[in-house]
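Taking it in order: structure first as structure tokens, then the write-up.
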There are 2 protein chains.
Amino acid sequence: MKTDCQLCPYISDAALKLAACDLHQLSDNHIVVSFKKGDSIIKQGTYSTNVIFLRKGLVKIHITGPYSEQIVKLAKPPTYLGLPTTVGDKINQYSITALEDTEVCFIDMTTFKDLLKTNDEFAFEIIRSLCRYEIDSFCRCANRIQKQTRGNLAEVLLDMSATIFESDTFTIPLSQSEVGNLIDTSRESVSRMLSEFEKDGIIRMQGRQITITNKRSLELVSQNG
Amino acid sequence: MKTDCQLCPYISDAALKLAACDLHQLSDNHIVVSFKKGDSIIKQGTYSTNVIFLRKGLVKIHITGPYSEQIVKLAKPPTYLGLPTTVGDKINQYSITALEDTEVCFIDMTTFKDLLKTNDEFAFEIIRSLCRYEIDSFCRCANRIQKQTRGNLAEVLLDMSATIFESDTFTIPLSQSEVGNLIDTSRESVSRMLSEFEKDGIIRMQGRQITITNKRSLELVSQNG
DNA sequence: TATACATTGTGAGCTAAATCACAAGTGCAT
DNA sequence: ATGCACTTGTGATTTAGCTCACAATGTATA
């Protein structure tokens, strides 16, 4: 499915900088694809010649670590995915999997490069976002490594609530074992800690639906382990 | 000290793409500064209006984590530092400290942005390097989190040997306590493990000078913890 | 040269969290 | 409906690595 980028309600900050003719070029050289929950969007080790723009849904970025699968981060729209692959060696260095029904634009790499070359505002926005990712990634890594497990779990819950779902009640889009991969702990520990949080009156659970009932406490746990 | 970038032996891959007139602009708008071992080059939380090009020496990039100082990575020339700060909110999100006597170029931010805008090859090289950093950072983080401490220490030694010093014998530019901050473990554990490695005949130590005597074993430890 | 301060080595005990083991619940495909 | 596979809950046991404690080195500076 081809669409006109000028009319797209999901357009990126970077693409906003593009002139009409550039947007026209983008319209002609991308394709919108839908993925169902659980579908693999890109797979580590495979070849890729597209930049991916995440326009709708939710995905996890994950890599095969030395021992187990590691979820690096969750990404929500609007954002570009797979830039490193595209400008690098064309081999995907990580996998991306849909956590909800998701829509992405596959943008032809040469088109994308052309846009970078002919439109410096666009390129600068891309650089800006890459820089933001780098800092995020430093901080996330320092947190993960230094905090104790319960602190990390609390942080993930807060982050989902604040950044992704923007509500105190939400349904975790991950199994407990995936949450384990995200904060690098075992599935059992996740289960135990969630029960603890519930017993302490910090959250309420119904299946995967979580309600944060005492945000203050959860923040304290996040800070103090 | 101002210098002519056209004659600089330390020029970056990105700057190689610049035309003579752009290089001239760069020459006029940067300044070379020397730092002694231990000097702070940029400090987290302070204001910055320069991009830094690391031309000579060795530095550590470190952030103040939730509990302790975390060394995010070591950086060696040639590389740009502090890009995220510059294109972001101007507040340094991390500190950079010299581990050896180091020379850097402070490049005025507006000049740098001008170069990005007027020279798409230059911008593309910058994007390329930012993408590489992102992947590096994903991998480093997954490794750090998943590997056991001895595996991380082995990896750091191998990495220093292969990437930074390009020799089996080198002097660690960090105290054991800093090594602890790098692989997130305690100073005591670093000491104990280094002794173990020596006892096992994998390395030889004289103060901070280390010789890798059995690379194969060290690689095994790095892989298997 | 003396004095202070940072760095290392090593023992002892403690603890968070992993692993193992099994039971119970959930959901989706035939 | 009936299985089968994936998920979750919880106990028991084990362990890597932290913390505390103190001694022995360096190594800057007055």
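The values are calculated or read from the model by the stated rules, or taken from the named source; none is laboratory data. Keep in mind that this is a model prediction, so the values were computed, not measured. All Cβ positions, glycine included, derive from the backbone under ideal geometry; neighbour counts span all protein chains shown. Ligands, DNA and RNA are stripped out before the accessible areas are found, and what is left, the full protein with its side chains, is counted by its heavy atoms. Shrake-Rupley method; radii C 1.70, N 1.55, O 1.52, S 1.80 Å.
The table below lists the values:
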{"quantity": "Inter-chain shielding of A:146-152 (mean C-beta neighbours from other protein chains, 10 Å cut-off)", "calculated": "2"}
{"quantity": "Test item: Cα-centred dipole of segment B:147-224, Lys/Arg +1 and Asp/Glu -1 on Cβ, debye", "calculated": "180 debye"}
{"quantity": "Accessible area (Å², per residue) of segment B:5-144, counting only protein heavy atoms and a probe of 1.4 Å", "calculated": "40 Å²"}
{"quantity": "Segment A:119-133-segment B:148-225 distance, computed between alpha-carbon centres (Å)", "calculated": "38 Å"}
{"quantity": "Share of carbon and sulfur in the accessible heavy-atom surface of the protein assembly as shown [1.4 Å probe, %]", "calculated": "48 percent"}
{"quantity": "Cys with no candidate disulfide partner in chain B (beta-carbon separation under 4.7 Å rule)", "calculated": "B:Cys5, B:Cys8, B:Cys21, B:Cys105, B:Cys131, B:Cys139"}
{"quantity": "Proximal lysines relative to A:Lys215, as straight alpha-carbon distance under 22 Å, when same-chain residues fewer than 8 apart are discounted", "calculated": "A:Lys147, A:Lys199"}
{"quantity": "For B:Asn224, label point 7 Å along C-beta direction: distances to other copies, nm", "calculated": "4.3"}
{"quantity": "Accessible surface buried upon A-B contact (total; probe 1.4 Å; Å², nearest 100)", "calculated": "4100 Å²"}
{"quantity": "Other-copy label distances relative to A:Arg132, 7 angstrom Cα-Cβ extension, nm", "calculated": "2.5"}
{"quantity": "B:Asp22, A:Asp28, reordered so the largest accessible area comes first (probe 1.4 Å)", "calculated": "A:Asp28, B:Asp22"}
{"quantity": "Accessible area of segment A:147-224 divided out per residue, in Å², using a probe of 1.4 angstrom", "calculated": "49 Å²"}
{"quantity": "Occluded residues from segment A:60-93, i.e. those whose accessible area drops by 40 Å² or more once the chain is not alone (1.4 Å probe)", "calculated": "A:Ile63, A:Pro66, A:Tyr67, A:Gln70, A:Pro84, A:Val87, A:Gln93"}
{"quantity": "Spin-label zone in segment A:133-159 - amide nitrogen under 17 Å from a point set 7 Å from the Cα of A:Asp200 along the C-beta vector", "calculated": "A:147-159"}
{"quantity": "Charge dipole magnitude, Cβ of K and R +1, D and E -1 - chain B, Cα centre, debye nearest 20", "calculated": "480 debye"}
{"quantity": "Table column - 3J(HN,Hα) (Hz), segment B:140-155, Karplus curve with 6.51, -1.76, 1.60, x for Gly and Pro", "calculated": "4, 5, 4, 4, 3, 6, 7, 6, 6, 4, 5, x, 5, 5, 4, 5"}
{"quantity": "Filtered chymotrypsin sites (Phe, Trp or Tyr not before Pro), segment B:95-166: DSSP coil and at most 10 other beta carbons within 10 Å", "calculated": "none"}
